[in-house]
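Peer 1: For reference, the structure I am asking about is given below.
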Amino acid sequence: MRQKIVAGNWKMNTLVCEGVELVNGIVSKMGEVPSDVRLIVCPPFTHIVSVGDALKGSRVSLGAQNCANQPKGAFTGEVSAAMLKSCCCEYVILGHSERREYYGETSETLNAKMALALENGLKPIYCVGEKLEEREAGKHFEIVKAQIEEVLFNLTPEQMAQVVVAYEPVWAIGTGKTATSAQAQEIHAFIRATLASKFGELAEEISILYGGSCKPSNAPELFSQKDIDGGLIGGAALKADDFIGIAKSY
């Protein structure tokens, strides 16, 4: 059975005190979440220690939103994978569409980050997805395949087994357009088939998350799809009731 995962990407939101209050609310409602569903919260770097302390003893895992592509050194403003691991992080998001778009992250950059994350015992949540113009040009399969091949195909099967994949329909975020559950399933199935071309049966064990606008209202339909194993949640992860509501969709 593939791991069912609901991961919250807080992005650049909340102050530390607000983040602690949020996770306290999430932890208090964990009894409503099926025991086989893994919840992950990925707060800003400034929150990690305080949020991690609030999560101790709970079923909620701690993740980070990014890590540096260097192990250490004179890289002002960067945070290394080793630093995250020392703060009890278990997961790290890599290749998010906002990192690719706003900060110019390339496959070369992400290969370095992936290697360091795995070397330090972090489980990467690797994001793939196409923009609106790429979807409208019918290039979505081509784009997603390249993002997988240029980074994940460099991993050993043992390393790949530690990775979670998240599909972001960048074209459906903030555009007024909506990805249907059928469209989401189609691309998730394609991602799994692409992984299978390299890793064989291991692809059936890899969790693939949907990173579009997932809410308590549409999560049941999305999560019922054969190849969708959960969600990478943005805005709805900032409200404990919504985040728990999504997790209860199972």
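Peer 1: Measure off 7 Å from each Cα along the Cα-to-Cβ vector at Q162 and N24, then give the distance between these two points in nanometres to one decimal.
Peer 2: 3.4
Peer 1: Based on the alpha-carbon set only, what is the convex hull volume of the stretch 145-201 divided per residue, in Å³?
Peer 2: In the stretch 145-201, the Cα convex hull volume per residue is 87 Å³.
Peer 1: Could I ask something else about it? Among E186, E130, E204, which comes first, second and so on when ranked by fewest other beta-carbon atoms within 10 Å?
Peer 2: If I rank by nearby Cβ atoms, fewest first, I get E204, E186, E130.
Peer 1: Counting Lys and Arg as +1 and Asp and Glu as -1, what is the net charge of the other residues whose Cβ lies under 11 Å from the Cβ of D227?
Peer 2: 0
Peer 1: Quick one: putting +1 on the C-beta of Lys and Arg, -1 on the C-beta of Asp and Glu, what dipole do you get for the chain around its Cα centre, in Debye to the nearest 20?
Peer 2: Dipole size: approximately 380 debye.
Peer 1: How many angstrom lie between the C-alpha centres of the stretch 1-46 and the stretch 101-140?
Peer 2: Using only Cα atoms, the two centres lie 22 Å from each other.
Peer 1: Going by average Cβ density within 10 Å per residue, which order do the peptides 94-106, 60-72, 132-144 take, highest to lowest? Working shown, then result.
Peer 2: On the way: 94-106: 17.2, 60-72: 20.3, 132-144: 15.0.
Ranked by mean Cβ neighbours within 10 Å, highest first: 60-72, 94-106, 132-144.
Peer 1: Which shape class, rounded, prolate or oblate, goes with the stretch 42-147 when its Cα gyration tensor gives a ≥ b ≥ c as root eigenvalues, a/c under 1.5 marks rounded, and past that a/b bigger than b/c marks prolate?
Peer 2: Prolate, since a/c reaches 1.5 and a/b exceeds b/c.
Peer 1: Just want the answer: with Cβ charges of +1 for Lys and Arg and -1 for Asp and Glu, which residue in N120, P34, L222 is farthest toward the dipole's positive end in the chain?
Peer 2: Positive-most Cα among the choices belongs to P34.
Peer 1: Picking from Y167, T194, V151, whose Cα lies most toward the positive end of the charge dipole for the chain (charges on Cβ: Lys, Arg +1; Asp, Glu -1)?
Peer 2: Y167
Peer 1: Within the set K123/K177; K72/K145; K56/K113; K123/K198; K4/K131, which residue pairs have Cα atoms separated by over 23 Å?
Peer 2: K123/K177; K72/K145; K56/K113; K4/K131, as the Cα separations exceed 23 Å there.
Peer 1: Where is the GNM fluctuation largest for the chain (alpha-carbon springs, 10 angstrom cutoff): M114, M12, M160?
Peer 2: In this elastic network of the chain, the residue with the biggest mean-square fluctuation among M114, M12, M160 is M12.
Read-outs: derived from the displayed coordinates by stated rules, not from any lab. This structure is a prediction, so every number in the text was calculated from the model and none was measured. FYI the Cβ positions are ideal-geometry reconstructions off the backbone, even for glycines, and counts take in every protein chain you see.
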